[in-house]
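Single-structure report; data block below.
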Amino acid sequence: MRTRASVMSAAAAAFQREGYDRSSLARISKASGMSVGAVTFHFSSKEELANAVDRKGRSVTLTTVEQACAEPGTALRRLIGLTLHLARLMEEDPWVSAAIRLARERPQVPAWSAVWLPTVNELLDLASENGELRAGTPVGDVATLVEHLTAGAEVHVMYHRTDDDHESAVERMARLWCLILRGFSVDPSGVEPVTD
């Protein structure tokens with residue numbers, strides 16, 4: 001089990017950093033301190049290893065989604081909290097970062113958003129039913145907005161990790177939510193995100 005975990009950790013780091021095509025079993029085995037034979041004993045191919053890393057990243061994401069939904073507050077507050085948790089996962093969890101990149105680079109794999117987008121839609125429907133959105137707010141458009149915010153956070157994490165501004169994806173998303181909420185929330189002050 002330790003060998004398998006070590007190989008998967010090395011693979012997650014490789015897939016996150018180099019992508020699927022540029023990662024090789026030889027590089028992964030070297031990074032894990034295992035022989036190629038030990039790696040292929042547990043994973044017969046790079047694709048099988050990538051699938052295991054992807055499952056782990058999606059599992060971590062699903063656990064976070066469930067935790068975010070269990071937090072107190074209105075549906076809209078939980079939705080915003082969920083997006084902040086997703087941004088934090090992108091920055092801090094190598095399994096999730098690897099799963100996101102693997103899904104983007106392998107078209108046969110469902111998008112990472114397939115893990116959390118159904119919950120976003122449920123929370124938005126609930127927010128609409130509870131009168132938390134301004135009348136006439138198109139719920140589907142808000143769901144699209146959430147997808148775009150999350151994609152923006154992903155780009156921020158991928159390309160701005162070494163920027164001098166040191167603003168995290170979570171901080172940036174929270175700031176954007178403060179602007180957005182003035183546009184469609186009945187009571188923006190009641191649902192503004194807390195990032196600490």
Taking Cα atoms only, helix 169-184 is inclined relative to the longest principal axis of the chain by an angle, in degrees rounded to 10, of 30
Simple SL model, points at 7 angstrom along Cα→Cβ for Ser189 and Arg17; separation in nm is 4.9
Quick shape summary for the chain, equivalent ellipsoid via Cα gyration tensor, semi-axes whole Å in descending order, reads 36, 16, 13
Longest principal axis of the chain (C-alpha) makes with the long axis of helix 2-22 (C-alpha) an angle, in degrees to the nearest 10, of 70
Plugging the Cβ-Cβ distance of Val139 and His166 into 1/(1 + (r/R0)^6) at R0 = 41 Å yields, to the nearest 0.05, a FRET efficiency of 0.70
Computed about the Cα centre, the charge dipole of the chain from +1 Lys/Arg and -1 Asp/Glu charges at the Cβ has a magnitude in debye, to the nearest 20, of 920
Checking Ala143, Ala135, Ala98 against a Gaussian network model of the chain (alpha-carbon springs below 10 Å), the top fluctuating residue turns out to be Ala135
The chain, Gaussian network, Cα under 10 Å: of Gly73, Gly136, Gly57, the residue fluctuating most is Gly136
Computed over the chain: longest principal axis from alpha-carbon atoms vs helix 46-70 long axis, angle to nearest 10 degrees, is 30
So Leu176 and Met1, fully extended at 0.36 nm per residue minus their Cα-Cα distance, gain in nm 58.7 nm
Exposure-ranked with fewest Cβ neighbours within 10 Å first, Ile80, Ile180 stand as Ile180, Ile80
The farthest towards the positive end of the charge dipole of the chain, of the residues Asn51, Pro72, Ala174, given +1 on Cβ of Lys and Arg and -1 on Cβ of Asp and Glu, is Asn51
With Cα springs under 10 Å, the Gaussian network model of the chain assigns the largest mean-square fluctuation among Arg101, Arg182, Arg58 to Arg182
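Read-outs: derived from the displayed coordinates by stated rules, not from any lab. Since the structure is predicted, the reported quantities are computational estimates derived from the model, not experimental observations. Reconstructed Cβ throughout: ideal geometry from the backbone, glycine too, with neighbour counts over all protein chains shown.
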